[in-house]
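**Student:** Mind having a look at this structure? Questions to follow.
The values are calculated or read from the model by the stated rules, or taken from the named source; none is laboratory data. Only a predicted model underlies this, so the values are computations on that prediction, with no experimental measurement involved. When the accessible area is computed, the model is the full protein with side chains, heavy atoms only, and any ligands, DNA or RNA have been set aside. Shrake-Rupley method; radii C 1.70, N 1.55, O 1.52, S 1.80 Å.
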Amino acid sequence: MTAAERTPPATPPEHAARTEADRALREVIAAILPALPPQEVVHTRHLKDLGADSVDRVEIIAGVTARLGLDVPMGRFSDIPDIGALVGFLADCLDRSRRTA
């Protein structure tokens, strides 16, 4: 086996950004909703479904965008249907910000 065969393939940048966005979102949710069991944070649910009121949702979005170093207007998040779409949106924003940096 050659060294190239032993080396795992590089993680595609879009996958890395999605993983980073997912991890950051879960950490912020855990900080703002500490009583929420982590296994309830699934991609098919909305933050409202997890018990996050409007203030919590704003704090979660503000916290995750700050953690990821993103400057995204809050209004861009209003039509996102669930956590999976939110992670995808954050990952896209993260990819764009890195390409322009």
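**Student:** Which one, (i) 12.3, 35; (ii) 15.5, 55; (iii) 21.6, 67, gives Rg and Dmax of the Cα atoms in Å as derived from the coordinates shown?
**Tutor:** Only one option fits the structure, namely (ii).
**Student:** For the range 12-100, what is the accessible area per residue in Å² when the probe is 1.4 Å?
**Tutor:** Accessible area per residue, the range 12-100: 57 Å².
**Student:** Another question, then. How high is the relative contact order of the chain? Use alpha-carbon pairs under 8 Å, at least six apart in sequence, and give a whole percent.
**Tutor:** 40
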